[in-house]
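The values are calculated or read from the model by the stated rules, or taken from the named source; none is laboratory data. No experiment lies behind these values; they were computed from the predicted model shown. FYI the Cβ positions are ideal-geometry reconstructions off the backbone, even for glycines, and counts take in every protein chain you see. What goes into the accessible areas is simple: the full protein's heavy atoms, side chains included, and nothing from ligands, DNA or RNA. Shrake-Rupley method; radii C 1.70, N 1.55, O 1.52, S 1.80 Å.
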Amino acid sequence: MDIKTYKGRSNVSGAIALNDRYFIVADDEDNELSVFDKHAEKTLKPAIALSEVFDGEIKDGKHQEIDLEGGARIEDVYFWIVVVNFFRTPK
């Protein structure tokens with residue numbers, strides 16, 4: 001097995017293959033999805049900010065992460081598994 005290191009995300013919590021060349025990763029600290037080319041070392045820009053996709057429903061900032069924990073693909077539908085903690089006390 002070949003091991004490859006990619007740069008551009010610090011806290012990857014899940015990834016899904018988009019096709020034979022590209023994959024998308026979730027960073028649950030930044031509420032962002034980033035697309036990578038498996039032949040390159042860095043993320044393709046720009047990242048997809050979930051706060052922009054779900055305008056007004058998701059906020060960015062400290063202690064606002066969605067907590068993306070994993071992903072799955074069934075045919076052409078992509079699912080992201082999230083943990084929502086409604087009982088967390090803001091700091």
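Pairs linking a residue in the range 58-82 that is basic (Lys, Arg) to a residue that is modelled with pLDDT of 90 or more, with Cβ atoms under 9 Å and 6 or more positions apart or on different chains, are ARG73/ILE16; ARG73/ALA17; ARG73/LEU18; ARG73/PHE79. The residue of the range 75-91 that is surrounded by the fewest Cβ atoms within 10 Å (Cβ to Cβ), among those that are part of a strand (DSSP E or B) and at pLDDT 90 or above, is VAL77. Residue pairs, Cβ under 8 Å, 6 or more apart or interchain, first in the range 19-35 and free of Cβ contacts under 8 Å to residues at least 60 places away in the same chain and open to solvent by 30 Å² or more (accessible area, probe 1.4 Å), second of a type in the set (Asp, Glu) and part of a strand (DSSP E or B). List them. Once the first residue is free of Cβ contacts under 8 Å to residues at least 60 places away in the same chain and open to solvent by 30 Å² or more (accessible area, probe 1.4 Å) and sits in the range 19-35, its partners that are of a type in the set (Asp, Glu) and part of a strand (DSSP E or B) give ARG21/ASP37; TYR22/ASP37.
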